[in-house]
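The values are calculated or read from the model by the stated rules, or taken from the named source; none is laboratory data. Computed from a prediction, not measured in an experiment: that's the story for all the values here. So basically every Cβ, Gly included, is an ideal-geometry build from the backbone, and we count neighbours across all protein chains shown. We work out accessible area using only protein heavy atoms, side chains counted, and drop any ligands, DNA or RNA first. Shrake-Rupley method; radii C 1.70, N 1.55, O 1.52, S 1.80 Å.
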Amino acid sequence: MSERPVKRAIALAGGGPAVGISIGALKALKRANITFDVWSCSCVGSWLGVVYNQADPGTEVETATQFFKDIFRPDEEYERFPIANVFAPDFVGLVNDSVNFTLNPKNYANLVVPEAIKKASDDLLRFATNPSQWSIANFNSTLLNDVLAVNPVTRFLTSMIFLSANNGLSKLYYPNSSFLESIKFDRLYQPGKPPIYFNAYNLTKKKLQMFTNKKGHPGYLPITPESICANSALPYIVAPVTIDGDMYCEGATIDTVNFEHLMENHPDLDEVWVSRILDRKQVRPAETLYQSMNNLVMLFASTTSEDDVKLFKYKMREQNSKVRVIEIHVSHQTNYDWTWSNLERSMAHGEAAAEAALKHYPPPPLELACQPTPAACPLLASPPPPPAKKPKPKADE
């Protein structure tokens, strides 16, 4: 009697511009004939899982690479325009929102607040006549609260920016988007396609919602252009998506690696491979506003994804499960730039990490399979520290 084939799942975590790590890992795993029966994804991992599985047979890695290359920018172009190709603001919507805001009489209420203006005048006089208060901190506070905050013009413009109907810096989902139409969603429902799961958070009903390409799954909604955009609608950065009257945002804010219900849906799994892609050691000190925004997003996501993996392993141990959890090493040299060089570098590190994991394959149950040393996986080694500078000799020496 033949032995049952190994049933594997792969968890592709969120992490935006670090997606190259997962692409490189899939490239190495495909070369080693490691295939997956279940795909559990989140955020950018969902885009990779969907694009990979809708590709023509045999072109999965190449199709995914080209898809994300079209999202990233050439380095010289990105240097003075650090925005990925798909994160376009809804310019037409912004104009409509501004016009509607301007034409609404309610938005002119309380533009002039006499009590606030009188208090600001008194504060300005005290500040101007008291040199001991002349510091940068006090100047900034005075300019904000005693000039801008009480000026009717700046009050109106500020409220237009922050209180109009616009709810995201950019927008992903449009009904007739050539970007979304490039993905053949119907192929995901063809016979023989592995089940794919990803999540989004239902803001209306306050719950995590799962999506899948398997029809008739109770409680799960279908994978569609709307749902994959909802899965990546990071609050403030990307506008939320409305599906059947409910508003959704990114599910990675709740479950970054998307282990939700994985073992319940597939209790016969033998292996769960994890491509986490984010790690707190990737976060660098911010020198610009752009870097600060990246850190705001990625620092919480990296720690959440790490905790998700630890919690999943803990639950498996509690259940005395014999499933093997294989976590692919996360490169610390990946940055958060949407540049071609970062994509290529991340892919190289992801490929090397998967190859290192394969050297230890199969691991014992519930053990971390990939803890490569620099010798086993040289691309993953941290760069050597710069040589110490010798002190300059004193003049009298």
Original post:
From the residues in segment 251-273 that are out of contact with any helix residue (DSSP H, G or I) (no Cβ under 6 Å at 6 or more places or on another chain) and among the β-branched types (V, I, T), which one is nearest to A352 (Cα to Cα)?
Top reply: V272
Original post:
Looking at this structure, is Y336 at pLDDT 90 or above, assigned to a loop (DSSP other than H, G, I, E, B) and among the hydroxyl-bearing types (S, T, Y)?
Top reply: yes
Original post:
Out of curiosity, is T339 under 30 Å from Y236 (Cα atoms), hydroxyl-bearing (S, T, Y) and under 15 Å from the mean Cα position of the chain (by Cα)?
Top reply: no
Subject >> Index of the failed condition, K184 passing every other in (1) touching a residue at least 60 places away in the same chain (Cβ under 8 Å); (2) open to solvent by less than 50 Å² (accessible area, probe 1.4 Å) >> reply: (2)
Original post:
Residues in segment 8-30: is at least one modelled with pLDDT under 95 and over 26 Å from F312 (Cα atoms)?
Top reply: no
Original post:
Of R8, R4, which residue is out of contact with any Gly (no Cβ under 6 Å at 6 or more places or on another chain) and either surrounded by fewer than 17 Cβ atoms within 10 Å (Cβ to Cβ) or more than 21 Å from V272 (Cα to Cα) (or both)?
Top reply: R4
Original post:
Here are some residues: D270, D307. Which one is acidic (D, E), surrounded by fewer than 18 Cβ atoms within 10 Å (Cβ to Cβ) and touching a residue at least 12 places away in the same chain (Cβ under 8 Å)?
Top reply: D270
Subject >> Candidates Y220, Y290, filtered to the one that is closer than 28 Å to Q54 by Cβ and either loosely packed, with under 15 Cβ neighbours inside 10 Å or among the aromatic types (F, W, Y) (or both) >> reply: Y220
Subject >> Residues that are under 14 Å from C249 (Cα atoms) and hydrophobic (A, V, I, L, M, F, W, C), drawn from segment 162-180 >> reply: L169, L172
Subject >> Hits in segment 223-240 - residues which are among the β-branched types (V, I, T), under 18 Å from the mean Cα position of the chain (by Cα) and open to solvent by 10 Å² or more (accessible area, probe 1.4 Å) >> reply: I237
Subject >> Residues of segment 31-55 classified as assigned to a loop (DSSP other than H, G, I, E, B) and either farther than 21 Å from L358 by Cβ or modelled with pLDDT under 95 (or both), total >> reply: 3
Original post:
Somewhere in segment 75-82, is a residue under 30 Å from N213 (Cα atoms) and open to solvent by less than 30 Å² (accessible area, probe 1.4 Å)?
Top reply: no
**OP:** Determine whether S141 is loosely packed, with under 13 Cβ neighbours inside 10 Å and either without any contact (Cβ under 8 Å) to a residue 12 or more places away in the chain or within 30 Å of I71 (Cβ to Cβ) (or both).
**Re:** no
**OP:** Look at G15 and say whether it is crowded, with 23+ Cβ neighbours inside 10 Å and either under 19 Å from E306 (Cα atoms) or of a type in the set (S, T, N, Q) (or both).
**Re:** yes
Original post:
Is one or more of the residues making up segment 324-334 touching a strand residue (DSSP E or B) at 6+ places or on another chain (Cβ under 6 Å), open to solvent by 40 Å² or more (accessible area, probe 1.4 Å), in contact (Cβ under 8 Å) with a residue 24 or more places away in the chain and within 23 Å of V272 (Cβ to Cβ)?
Top reply: yes
**OP:** Identify, from the list R280, R284, R276, the residue that is within 24 Å of I237 (Cβ to Cβ), basic (K, R), touching a residue at least 12 places away in the same chain (Cβ under 8 Å) and buried (at least 17 other Cβ atoms within 10 Å of the Cβ).
**Re:** R276
Original post:
Looking at V44, is it of a type outside the set (F, W, Y), surrounded by 20 or more Cβ atoms within 10 Å (Cβ to Cβ) and touching a Phe, Trp or Tyr at 6+ places or on another chain (Cβ under 7 Å)?
Top reply: no
**OP:** Scan segment 187-211 for residues that are in a helix (DSSP H, G or I) and open to solvent by 50 Å² or more (accessible area, probe 1.4 Å) and jot them down.
**Re:** R187, Y189
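Okay, residues lined up against (1) at positive phi; (2) of a type in the set (V, I, T):
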residue: Y220; (1), (2): no, no
residue: T224; (1), (2): no, yes
residue: V238; (1), (2): no, yes
residue: G245; (1), (2): yes, no
residue: A252; (1), (2): no, no
residue: E271; (1), (2): no, no
Original post:
Going through segment 154-177 one residue at a time, which ones are closer than 16 Å to P225 by Cα, open to solvent by less than 80 Å² (accessible area, probe 1.4 Å) and free of Cβ contacts under 8 Å to residues at least 60 places away in the same chain?
Top reply: Y174, S177
Original post:
Consider D246 against the criteria (1) out of contact with any strand residue (DSSP E or B) (no Cβ under 8 Å at 6 or more places or on another chain); (2) in contact (Cβ under 8 Å) with a residue 40 or more places away in the chain; (3) under 22 Å from W47 (Cβ atoms); (4) surrounded by fewer than 19 Cβ atoms within 10 Å (Cβ to Cβ): it satisfies all of them except one. Which criterion is unmet?
Top reply: (1)
